[in-house]
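Some notes on the structure that comes next.
The values are calculated or read from the model by the stated rules, or taken from the named source; none is laboratory data. Given the structure is predicted, the values throughout are model-derived calculations rather than measurements. Reconstructed Cβ throughout: ideal geometry from the backbone, glycine too, with neighbour counts over all protein chains shown. Surface areas here come from the heavy atoms of the whole protein model, side chains and all, with no ligands, DNA or RNA. Shrake-Rupley method; radii C 1.70, N 1.55, O 1.52, S 1.80 Å.
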Amino acid sequence: MVEENMGACWSQTKDQFDNLEKHTQWGIEFVERYTKFVKERSEIEISYAKQIRNLSKKYQPKKNSKEEEEFKYTSCRSFLTTLNELNDYAGQHEVIAENLTSQIISELSRYIQELKQERKSHFHDGRKAQQHIENSWKQLESSKRRFERDCKEADRAQQYFEKMDADINVTKADVEKARQQAQLRHQMAADSKAEYSAYLQKFNQEQNEHYYTLIPHIFQRIQEMEERRIERVGESMKTFAEVDRQVLPIVGKCLDGMTKAAESIEPKTDSKQVVEAFKSGFEPPGDVEFEDYSQAMKRTVSESSLSNTRADGRPEKPTSKTKGKLWPFIKKNKGSGPEDFSHLPPEQRRKKLQAKIDDINKDIQKEMDQKDALTKMKDVYIKNPQMGDPASVDPRLAEIAQNIEKLRVEAQKFEGWLAEVEGRLPVKSDPPRRQSSMYDTQNSTPVNNNCAQDRESPDGSYTEEQSSETQIKVPNPEFDDEFDDEEPLPTIGTCKALYPFEGHNEGTIAVAEGEMLYVIEEDKGDGWTRVRRNEEEEGYVPTSYVEVYLDTNAKGAMTYI
């Protein structure tokens with residue numbers, strides 16, 4: 001009965017250890033699974049941040065590209081700010097991944113190893129205690145069986161002695177021998193009894209300690225281990241949320257930056273920049289005069305003497321089929337155009353030339369900086385010959401000097417073209433003219449007129465090229481005998497001066513307000529009309545200063561359509 005009870009207790013204890021062993025193993029696997037979950041979340045954050053960064057980089061303006069120029073508009077700058085904020089936003093997701101790795105993944109990985117070692121130690125102690133109590137019980141059982149055997153042997157020896165002692169036929173010596181054997185067996189039984197009693201006392205003490213001290217202590221440590229594991233998982237879950245919460249203020253600032261950038265968009269400012277970027281500098285065309293074909297137009301004496309007539313007395317019509325067009329509706333010439341940008345409208349040409357000059361000046365400054373650096377290096381070599389040969393710097397200095405000289409010549413060339421354009425652009429101090437809300441124009445006063453070779457329409461960009469039969473050659477005003485040696489041009493109409501014009505520059509002619517003049521060459525897109533007062537006085541006046549009445553039947557006249 002006692003053995004059955006002991007077996008049941010040991011079996012129950014062993015079952016408890018098995019249950020705890022399985023549960024604690026599951027607990028470790030749970031921590032490992034949670035660690036894997038956090039690791040995968042970290043990888044997602046890194047991948048997401050990488051994709052966001054690539055997206056921001058993809059839409060960043062390329063250097064020296066048209067996209068970079070577009071970012072002068074507030075809407076484009078707002079978009080650029082959004083891209084930069086998005087890049088910072090991606091950085092916060094990288095911070096999340098880093099914190100998840102350092103604060104959870106690394107910590108839990110290290111804790112799992114410690115947990116496995118602690119669990120192993122606890123169950124080792126439990127198995128050791130269980131084995132010890134089982135061994136103690138086996139010793140008790142062995143001493144008990146030995147005591148039982150010795151008692152039976154003593155009883156048999158005693159009975160044998162008594163039998164020998166009662167038998168009269170047995171010698172005295174045999175009886176003595178039987179008596180001694182019975183005494184020996186009694187002594188052995190007494191010794192076994194004492195040994196069994198000692199083992200029993202020891203086992204009871206160990207059993208009491210096993211069930212009331214050792215096993216409860218081991219179970220308590222396993223319980224504490226489990227509670228620490230659960231608490232650690234809970235802290236990790238809390239950290240999991242806090243890692244996100246920590247970056248929310250910065251993410252909020254990124255989103256606030258995007259909102260602020262969107263609110264900084266100014267449609268009117270952008271539209272003004274478009275007007276400023278594409279304004280041509282041309283004056284809007286005047287009203288188209290009514291052409292009365294029902295009456296023959298009267299010619300002046302000078303015109304009649306120069307005009308061509310047919311045999312029937314009627315004036316010849318222009319042989320050219322090409323007609324001039326109003327400049328706002330003319331197709332622009334495609335391609336890069338000439339070096340002086342003469343194919344562009346005046347204002348656009350001025351901007352291009354100014355930008356070119358700025359680029360050249362930057363290149364000159366770079367060369368000057370290199371020259372200064374090499375000069376200092378040469379001075380160091382002169383003072384410390386062991387550091388280098390001063391003569392080795394001379395070829396590079398000579399090359400830089402040549403580059404600077406070439407750049408300066410190039411800059412002077414573009415500055416000359418810029419001065420020419422600025423001399424032709426309108427200024428605000430002149431009398432008012434007709435304006436159109438469609439174009440951003442200014443008043444014009446001629447400042448410099450020493451480049452008459454550019455008066456023709458720039459590369460056909462703004463007026464169609466005339467045929468050789470009707471093309472009017474513009475003389476070069478740089479020659480003093482420009483108007484003397486040239487054959488007089490025919491009159492193609494008349495004009496009335498709307499404002500006084502002093503005509504100080506070479507090639508121009510002074511006019512008084514209200515004065516009537518003859519037109520010998522109309523405006524070809526540069527803002528100037530060539531007129532004649534008499535056979536000896538002719539020159540250019542601003543087109544916007546006169547009201548022109550063209551004779552459509554005159555040879556060389558241009559008809560607007």
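Just to verify a number: FRET efficiency for His504 and Tyr293, C-beta to C-beta distance, R0 = 41 Å, to 0.05? Rounded to the nearest 0.05, the efficiency is 0.50.
Taken about its Cα centre, the range 59-190 carries a charge dipole of about 780 debye when Lys and Arg each add +1 at the Cβ and Asp and Glu each add -1 at the Cβ. Per-residue surface analysis assigns Thr543 an accessible area of about 40 Å², computed on protein heavy atoms at 1.4 Å probe radius.
Distance between the C-alpha centres of the range 164-192 and the range 128-159: 25 Å, rounded to the whole angstrom. Sorted on the mean count of surrounding Cβ atoms within 10 Å across their residues, most packed first, peptides 79-92, 217-230 read 79-92, 217-230.
Ranked highest first by average number of other Cβ atoms within 10 Å, how do 165-174, 180-189 line up? The partial results should precede the final answer.
Working: 165-174: 10.1, 180-189: 16.8.
My ranking of the peptides, most packed first, is 180-189, 165-174.
Taking all protein chains together and rolling a 1.4 Å probe, Lys406 ends up with roughly 140 Å² accessible. Taking all protein chains into account, the per residue accessible area for the range 183-248 stands at 65 Å² (1.4 Å probe). Here's how it looks for Leu344: its modeled amide H is under 5 Å from none belonging to a residue 5 or more places away or on a different chain.
Give me the net charge of Gly126's neighbourhood, meaning all other residues with Cβ under 10 Å from the Cβ of Gly126; Lys, Arg count +1, Asp, Glu -1. Show your work: numbers first, answer last.
Numbers: positive: Lys14, Arg127, Lys128, Arg221; negative: Glu21, Asp125.
Summing Lys/Arg as +1 and Asp/Glu as -1 gives +2.
Legend: residue pairs Lys72/Lys260; Lys63/Lys356; Lys57/Lys260; Lys362/Lys524; Lys39/Lys260; Lys371/Lys406, Cα-Cα distance threshold 25 Å; pairs beyond threshold, Lys362/Lys524; Lys39/Lys260. Judged by the mean number of other Cβ atoms found within 10 Å, the most tightly packed of the peptides 388-398, 514-524 leads the ranking 514-524, 388-398. With a Förster radius of 60 Å applied to the beta-carbon distance between Leu184 and Lys36, the computed FRET efficiency rounds to 0.25.
Distances between placed amide hydrogens fall under 5 Å for Leu489 paired with no residue 5 or more residues away or on another chain.
Say R0 is 45 Å: what FRET efficiency, to the nearest 0.05, do Gln25 and Thr259 get from their beta-carbon distance? Here the calculated transfer efficiency is 0.30.
Between amide H atoms placed 1.01 Å from N, distances below 5 Å from Glu521 occur with Arg530, all of them 5 or more places distant or on a separate chain.
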